[in-house]
Structure formats: C-alpha cells, structure tokens
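Here's the structure, in structure tokens; my notes come after.
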Amino acid sequence: MNVIEAVNLTKYYGKNMGIENLNLTVTEGEFFGVIGPNGAGKSTTIRTLLGLINKSSGDAKIFGKDIRKYKKEILSDIGYMPSEANFYSGMKVGDIISLSAKMRKIDCHKEAELLCERLELNTEKKVDELSLGNRKKVAIVCAMQHKPSLYILDEPTSGLDPLMQKEFFEILKERHSDGATIFLSSHVLSEIQKNCVRAAIIKNGTVVALDKVENLSKTGAKRITLHGVTSIPENLVVQSVEVGEDYITFLYCDEIKRLLTTAANMPITDITIVEPDLDEIFMYYYEKDGKSK
C-alpha cells in the first residue's frame, strides 16, 4: 500500500514556483528520506501533501485518500513536525503538550512523560524561555505522543545537540520497528544515509532522483585527482572541480579510457581514482544538468 503518493504535484506562489510536477510514492512501513538544500522545495512538498497549503495542480494522496476530501481523518493519524516550531506565548511546555493531545481527543500523558524524560525536556518552563533545541523537543513530543502510523518530519534535528539527535533517531527507529512509516526531510546527508532505506533528491522543486540510498551512490562517477597539473583539457566533461597548488581534482562520469588517454598526453606526476562520498554524489545530481566546469 502507498501511504504517500504525489503525482505531478505542483505549487506556485503567484508567479514563483515552489514545486513543479513532483512525483514520489512512499509505501507502508518505509523509512523514507527527502534530501535537498534550503529552498529546494522540501517544506512546500510536505505542506502541500498535508493540505496545509493548496496545490496549484496535480494529485496528492495519503493512506490512499485525497487530502482535500479526507483532511481531518488523514491528519488524525499523522505526526507532523514542521521545520520551525512556534507556540502560544506565555504557556508552559506541559500545557502546550497537553493542549496538543486534547485537540486530538486522546489521553497521551503517559507517552508524553516518557518522551519528555528521554529528551530531557523540562515541562515547567515557559515556551518563551526555551532555546531552539528545546523548542524542537516540544515539537517532537507533540508529533509523537499519540503514536501515529505515519510521521512526517521536516528538518527535525536542526537545533538539537548531537546527544539529543542520537536519542531522537533511536525513538524513530523504535516507532519504525513497530510498523510506523517515516517520511523525513533533511539537508544533512548523513541522516538520510544512516537511517533511510529509500530517498528522493529534490532540486528546484522537482525530484531528480529517487531510489534506494545505496543505489543513489551508483552513478558511475569517480573522484579523480591529477597531480602535477592545474587545468583540464576541454574534451573531458567534469564536475565539482577543485584546484590546488600542483594538482586538480574533480568528479568524472565519462569513459575511463578517454580519461586515461587524455592523461597520457598531460605532464601529470600521479593519478588517483576513488569512489565519491555521499556529499559528492549529492553534488553530482545537483550539477549534472549545469555547466561541466
């Protein structure tokens, strides 16, 4: 069963494009990631999927149902965490968490207590006194205390210290093991690599790659370093070029034979060929439709 399905989903803000013809599916029980830098369209995708903003065109379904027609029913079984958490001024943390549960008409106090304990969240403090990290913790508790079957989390770890990030993902893994579906957006590639099975890369409001995380790295690109030279012949198509004092390094995704033939006619002193890391793979997808140098 597809828990999330977007078909040619498009959202324009006036004349400005948020997302355009975006297609993706997330199946039941998946731990799915969406990768992209700020401004790529991750938050717009999530808000449009949830019906928090109206789409311009295309279709969006959650649990197989149109979000416009069944919005209240759908949202009741979702734990949504926005990228920026805002709360009513003057309220205590515990009151915010309690209000969130009451709005769902569910008694969540036991689960909320456990989450607050694990996240080291002081429920007696007023939200106005909280740091960014602690505000994030409040949002986590509000999104998780009712134990939904689907979690949609938009940049959830920004502001959390490393120990809290680790605890947060431990909680997510536990929920996932219990059968929940996780939809996680992030610009931190290591979060996606460590936790997600499949992922989509979003560029300029559309999906440019969607596959298992392990397959996304199988682009055929190699990190090449040529020692003894600081320029590249025009016949080589390369990306992510870095020039040092006596070397040049770049991503190369063409025929190795062409590279070696070209290198043989250059005054190089050494050549290194290695597999690129995930950060470089991400840049490969972001630069491959642009200029080669």
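A few remarks follow.
- If you go through the range 177-194 and keep only what is buried (at least 19 other Cβ atoms within 10 Å of the Cβ) and either more than 26 Å from P276 (Cα to Cα) or modelled with pLDDT of 90 or more (or both), you end up with A180, T181, I182, F183, L184, S185.
- Flag not set for L236, criterion: open to solvent by less than 40 Å² (accessible area, probe 1.4 Å) and within 29 Å of the chain's Cα centre (by Cα).
- Extreme residue, modelled with the lowest pLDDT, among residues of the range 239-255 that are touching a Lys or Arg at 6+ places or on another chain (Cβ under 9 Å) and open to solvent by less than 20 Å² (accessible area, probe 1.4 Å): Q239
- Selection from the range 37-59 of residues that are surrounded by fewer than 23 Cβ atoms within 10 Å (Cβ to Cβ), over 11 Å from the mean Cα position of the chain (by Cα) and of a type in the set (A, V, I, L, M, F, W, C): L50, L52, I53
- Only one entry in E155, E174, E120 is open to solvent by 10 Å² or more (accessible area, probe 1.4 Å) and at pLDDT below 95, namely E155.
The values are calculated or read from the model by the stated rules, or taken from the named source; none is laboratory data. These figures come from a predicted structure and were not determined experimentally. Here the Cβ is made from the backbone with ideal geometry for all residues, glycine too, and neighbour counts use every protein chain on show. Remember, those area values only see protein heavy atoms, side chains included, never the ligands or the DNA or RNA. Shrake-Rupley method; radii C 1.70, N 1.55, O 1.52, S 1.80 Å.
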